[in-house]
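Reading through the C-alpha cells given below for one structure.
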Amino acid sequence: MTITTKRNSFLQIGGTMAVAFALGSATFASTAQAEESSWSPSQNVSMVVPFKPGGGSDTFGRAATSGIKEVREDVEISVNNIVGGSGAIGYSTLLQRDGNPHYLLASETGAAIILPLMNDVPYSWDKLTPIAEAAEDHTMIIVANDSPHESISDLVDAAKQGQVNIAISGKGSPASLAFQLIEQNQDVTFNRVVFESGSANNAALLGGDVAAAGANPGEAIELIKADKVRALTIFKEERFDQGPLAEVPTIAEAGIDVDVTPTLQFRGILASPGLSEAQKTYWENAVKSWSETEGYKTYIENNYLTPKVRTGEEFAAFLEKQHNTIAPLLTETD
C-alpha cells in the first residue's frame, strides 16, 4: 500500500493577526543566569499554541510555560492559543514576528513537518528558529482486547490472506506512516479507514469496525488500563522501563526492522526567525533547566512520553532528518 499525496490549495493566510501583549520589564534572575546569555526578555513572552486547549500541543505548551517560569522567575510568559489551518495560523504568527525573541511556539511533527509537505502553507520549520526538543511521543499499533491478533505477525498474516481494515487520523499522520513502514517491510497492504481523531479511531476499534488502529500512548492508555485494548507494538527504540506499557514490544522486537524516525511525534519549541545567538542561547538554556525539574519529570510520566532534550543545531539536525524520512513516504504513488 502506498499513499498518493498532492499539494493542496491551502487556506490563504494574510493580514496582521491581532494578538496584543502587555509590555513589562524583566531583569536577570541571578549572576549565574546572566552568564548563560547576554540577553534576557524585555517584555512579556507569548507561548503560541497553534491548536485548541486540551490537546497534546496545548498540554505541552502549558507545561513548558510553567516550567520556564519556574526556572526563570523574572520572565512573564503566557499561553496563547491561536487556532486555525490545522496549526498553520499559529505557525504563521511567528513567521510575521521576524527578529522578535518574545514569541515561542509549542511545536510537534504534524504541523511542523507533515503539514508543509502536504499543503501550500507560508511557513516551514527551517524558516523559524529551532530552540529545543523536550520530549518524544511514540506510535503504537493497538487492537481490541478480544482481538484474535496477538502480535504484529498475526496482523500481517491476516493482511496476506484478506482485507484488514485499520484506523488512522489522516493519511499523513504518524500512525499512517507506521502502517506504511510495516507494509513496505512485510509486502502487505492494509485498508485505511480515516477518522478525524484518536478518540474516533478508538471508538471504531471497540465497535469492531476496524481490526487495528494507530495511537500514541496518551490516546490509548486509559483503554489499556481498563483492559479494553492491547498494544501489539510500539515504534520506539527501547521499551518503556516501567508502568502498563513495559510489556509492549518495540517494532524491532516484533521482527520488523524499520527506522522509527518518521513515526515519532516530537514535542518542542520553535521561535521567530532572525534571533541572535544570545537570544537562542537564553531559550535553549531555559528548556535545559526545565528538563532538570520535578515538574518536567511529572509531565513526561503523566503523558507516557520519552524524555529527549535536543537544542539548537542538534534539534535542527533532527528536524531535517525527520523531514527527509517522511517526505518520500508522502510522495509515493499507488
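Mark the label point 7 Å from the Cα of ASP74 along Cα→Cβ and return the residues of segment 97-121 whose backbone N is within less than 19 Å of it.
Residues passing the 19 Å test: 101-103.
Taking +1 at the Cβ of each Lys and Arg and -1 at the Cβ of each Asp and Glu, which of ILE221, GLY243, THR263 sits farthest along the dipole of segment 205-268 towards its positive end, judged by Cα position relative to the Cα centre?
It is ILE221.
With Kirkwood's inverse mean 1/r over C-alpha pairs for Rh, give me the Rg to Rh ratio of segment 58-157, two decimals please.
1.12
Quickly work out the GLU277-to-ASN145 label distance, labels modelled 7 Å from Cα along the C-beta direction, and quote it in nm with one decimal.
Taking the simple label geometry, ASN145 and GLU277 are separated by 5.7 nm.
So if I place +1 on the C-beta of Lys and Arg and -1 on the C-beta of Asp and Glu, and nothing else carries charge, what would the dipole magnitude of the chain be about its Cα centre? I want it in debye, nearest 20.
For the chain, the charge dipole is close to 880 debye.
In segment 288-327, which GluC sites (Glu not before Pro) are in a loop and have at most 13 other Cβ atoms within 10 Å, using DSSP for the loop call?
Sparse-neighbourhood loop GluC sites (Glu not before Pro): GLU292.
Round to the nearest 10 and report in Å² the accessible area of SER199, as given by a 1.4 Å probe over the protein chains' heavy atoms.
Approximately 90 Å² of SER199 is accessible to the 1.4 Å probe.
Kirkwood hydrodynamic radius, segment 113-249, all distinct C-alpha pairs: what's the number in Å?
Details: mean 1/r = 0.0629 Å⁻¹.
So the Kirkwood estimate lands at 15.9 Å.
Any idea what diffusion coefficient the chain gets from Stokes-Einstein, in µm²/s, Kirkwood Rh on alpha carbon pairs, 4 °C, 1.567 mPa s? Intermediate results must be reported in sequence, preceding the final value.
Working: Rh = 20.7 Å.
D = 63 µm²/s.
Can you pull the accessible area of MET118 for me, 1.4 Å probe, Å² to the nearest 10?
Answer for MET118: close to 40 Å² accessible.
Where in segment 70-133 are there trypsin sites (Lys or Arg not before Pro) that are in a DSSP coil and have at most 11 other Cβ atoms within 10 angstrom of their Cβ?
Nothing satisfies the criteria.
For segment 222-281, what is the accessible area per residue in Å², given a 1.4 Å probe and the full set of protein chains?
45 Å²
Determine Rg/Rh for segment 189-240; Rg is computed over alpha-carbon atoms and Rh is the Kirkwood hydrodynamic estimate from the same atoms. Don't jump to the answer; show the numbers that get you there.
Working: Rg = 11.4 Å, Rh = 11.9 Å.
Radius of gyration over Kirkwood radius for segment 189-240 works out to 0.96.
Could you state the principal axis extents of the C-alpha atoms in segment 78-131, from the largest down, to the nearest angstrom?
29, 21, 17
Report, in order of residue number, the helices in the chain meeting two criteria: a C-alpha extent of 15 Å or more along the helix axis, and a mean Kyte-Doolittle hydropathy of at least -0.5; treat each whole DSSP H run as one helix. Could you put the intermediate results ahead of the total?
On the way: long enough: 56-71 (22 Å, -0.28); 174-186 (18 Å, -0.11); 277-290 (20 Å, -1.33); 312-331 (29 Å, -0.06).
Helices meeting the span and hydropathy rule in the chain are 56-71, 174-186, 312-331.
Probe of 1.4 angstrom, ligands and nucleic acids ignored: what's the accessible area per residue over segment 51-161, in square angstrom?
Per residue, segment 51-161 has an accessible area of 35 Å².
Computed over the Cα atoms of segment 130-184, what is the ratio Rg over Rh, Rh following Kirkwood?
My calculation of the ratio gives 1.07.
So which trypsin sites (Lys or Arg not before Pro) in segment 298-334 are both in a DSSP loop and have at most 13 other Cβ atoms within 10 Å of their Cβ?
Passing sites in segment 298-334 do not exist.
Anything over 28 Å Cα to Cα? Flag those among LYS236/LYS321; LYS236/LYS297; LYS69/LYS308; LYS52/LYS288; LYS228/LYS321, in the order listed.
LYS228/LYS321
Looking at segment 46-88 from every direction and averaging, what is the projected area of its Cα convex hull in nm²?
2.7 nm²
Using a 1.4 Å probe on the protein heavy atoms, what percent of the accessible area of the chain belongs to carbon and sulfur?
For the chain, the apolar C and S fraction of the accessible surface comes to 46 percent.
The values are calculated or read from the model by the stated rules, or taken from the named source; none is laboratory data. Bear in mind the structure is a predicted one, so any value in this text is a computation, not a measurement. When we count neighbours, we look across all protein chains shown, and the Cβ atoms used for this are built from the backbone with ideal geometry, even at glycine. Keep in mind that these areas ignore ligands, DNA and RNA; they rest on the heavy atoms of the full protein, side chains included. Shrake-Rupley method; radii C 1.70, N 1.55, O 1.52, S 1.80 Å.
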